[in-house]
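Peer 1: One structure is given below, represented as structure tokens, and several questions about it will come after.
The values are calculated or read from the model by the stated rules, or taken from the named source; none is laboratory data. Treat the numbers as computed from the prediction; the structure is a model and nothing was measured. Note that each Cβ is placed from the backbone with ideal geometry, even for glycine, and that neighbours are counted across all protein chains shown. Surface areas here come from the heavy atoms of the whole protein model, side chains and all, with no ligands, DNA or RNA. Shrake-Rupley method; radii C 1.70, N 1.55, O 1.52, S 1.80 Å.
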Amino acid sequence: MKSMLLSALCLLFAGVQFPATLAWAEEPGTLRSVEVTLHVVRLKGDAKVESETHWTVTEFRDQIEQWRTGEHLDSWSTLRTRGVETGPMMMQIGQSVAVLTGRTMAGFSRGGSAPIAQNSYQQEQVGTLLECTADITTDGIVLDVTFEESRYPTLEPTGDAPTPPSKQLTTVRSKVKVPSGTILPLGGMVTQQNDAAPESVWLFVTAKAGDETLPGAAL
């Protein structure tokens, strides 16, 4: 009797298809996917950014257009990385640039002809690194972000012995809670040399949780 009942139950449940989410829900430590976007905005002139400001994606694009129209926007680049919550995410972009190392003068003659300047260049590596982790909470996504950027300033060589430019390294480390889909300013730096107009670089971050759910055991 017991064997007949067990066989009947097996046949009954054999025709039932349980959703995959139910199986995941039974496993402790399930994780959600996260997408993090970092905007690097370089401004010139007296453009200002309020630290309490936050935008939707549409409002942020409108603000970028206002800076562009007012001739304050120097450049705007975007970094995007994707992973799972609590796990490390990283994106790195590099390139090789020609950097001025010196200048030699050639073409002297007894006739007094003007010498010809020959600049010397060397290839140097520069790039951008974004590292972050994300924890999804009920009221937002907590991001621990590290940003590094190395670059050489664009300078026109002047004089008989121009000074080679120095590599500039910008490093930002911050922890912030971002409501899903909202863009927040992560930080900024303003520089001004002598009487030149001020220049600034600003970082804006946004994150959103994906619909994909992954079992923690897969990590």
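Peer 1: Considering only region 154-171, state which residues are of a type outside the set (Gly, Ala, Ser), part of a loop (DSSP other than H, G, I, E, B) and either touching a Ser or Thr at 6+ places or on another chain (Cβ under 8 Å) or at pLDDT below 75 (or both). I'd like the intermediate steps shown before the answer.
Peer 2: Keep residues of region 154-171 that are of a type outside the set (Gly, Ala, Ser), which gives 154-158, 160, 162-165, 167-171.
Filter once more, so that each one left must be part of a loop (DSSP other than H, G, I, E, B): 154-158, 160, 162-165, 167.
Those that are of a type outside the set (Gly, Ala, Ser), part of a loop (DSSP other than H, G, I, E, B) and either touching a Ser or Thr at 6+ places or on another chain (Cβ under 8 Å) or at pLDDT below 75 (or both): THR154, LEU155, GLU156, PRO157, THR158, ASP160, PRO162, THR163, PRO164, LYS167.
Peer 1: In the set HIS72, HIS54, which member is over 17 Å from the mean Cα position of the chain (by Cα) and open to solvent by 90 Å² or more (accessible area, probe 1.4 Å)? First the steps, then the outcome.
Peer 2: Working: HIS72 fails: open to solvent by 90 Å² or more (accessible area, probe 1.4 Å).
Only one candidate qualifies: HIS54.
Peer 1: Kindly establish whether GLY45 is out of contact with any Ser or Thr (no Cβ under 8 Å at 6 or more places or on another chain) and on the phi > 0 side of the Ramachandran plot.
Peer 2: Details: out of contact with any Ser or Thr (no Cβ under 8 Å at 6 or more places or on another chain): yes; on the phi > 0 side of the Ramachandran plot: yes.
So GLY45 fits the description; yes.
Peer 1: Take region 190-202 and flag every residue that is of a type outside the set (A, V, I, L, M, F, W, C) and either exposed (fewer than 13 other Cβ atoms within 10 Å of the Cβ) or outside any loop (DSSP other than H, G, I, E, B) (or both). Break it down into steps so the answer makes sense when it comes.
Peer 2: Taking region 190-202 as the starting set, the residues that turn out to be of a type outside the set (A, V, I, L, M, F, W, C) are 191-195, 198-200.
THR191, GLN192, GLN193, ASN194, ASP195, GLU199, SER200, listed by residue number.
Peer 1: Is region 182-189 home to any residue that is open to solvent by 80 Å² or more (accessible area, probe 1.4 Å), at pLDDT below 80 and not polar (S, T, N, Q)?
Peer 2: We begin by selecting, within region 182-189, every residue open to solvent by 80 Å² or more (accessible area, probe 1.4 Å); these are 189.
Restricting the remaining residues to those that are at pLDDT below 80 gives none.
Looking for residues that are open to solvent by 80 Å² or more (accessible area, probe 1.4 Å), at pLDDT below 80 and not polar (S, T, N, Q), one finds none in region 182-189, hence no.
Peer 1: Across region 88-116, what is the number of residues that are modelled with pLDDT of 70 or more and open to solvent by less than 90 Å² (accessible area, probe 1.4 Å)?
Peer 2: In the first step, residues of region 88-116 are kept if they are modelled with pLDDT of 70 or more; the result is 88-104, 116.
Narrowing the set further to residues that are open to solvent by less than 90 Å² (accessible area, probe 1.4 Å) leaves 89, 91, 93-94, 96-104.
Residues meeting the conditions: 13.
Peer 1: Count, please, the residues in region 30-50 that happen to be open to solvent by less than 10 Å² (accessible area, probe 1.4 Å) and farther than 18 Å from ALA209 by Cα.
Peer 2: Count: 3.
Peer 1: Here's a follow-up. Are there any pairs, at least 6 apart or on different chains, whose C-beta atoms fall under 7 Å, with the first in region 44-58 and closer than 29 Å to ALA196 by Cβ and in contact (Cβ under 8 Å) with a residue 24 or more places away in the chain and the second part of a loop (DSSP other than H, G, I, E, B) and open to solvent by 40 Å² or more (accessible area, probe 1.4 Å), and if so, which?
Peer 2: These pairs meet every condition: LYS44/HIS72; LYS44/ALA197; GLY45/HIS72; GLY45/ALA197; ALA47/HIS72.
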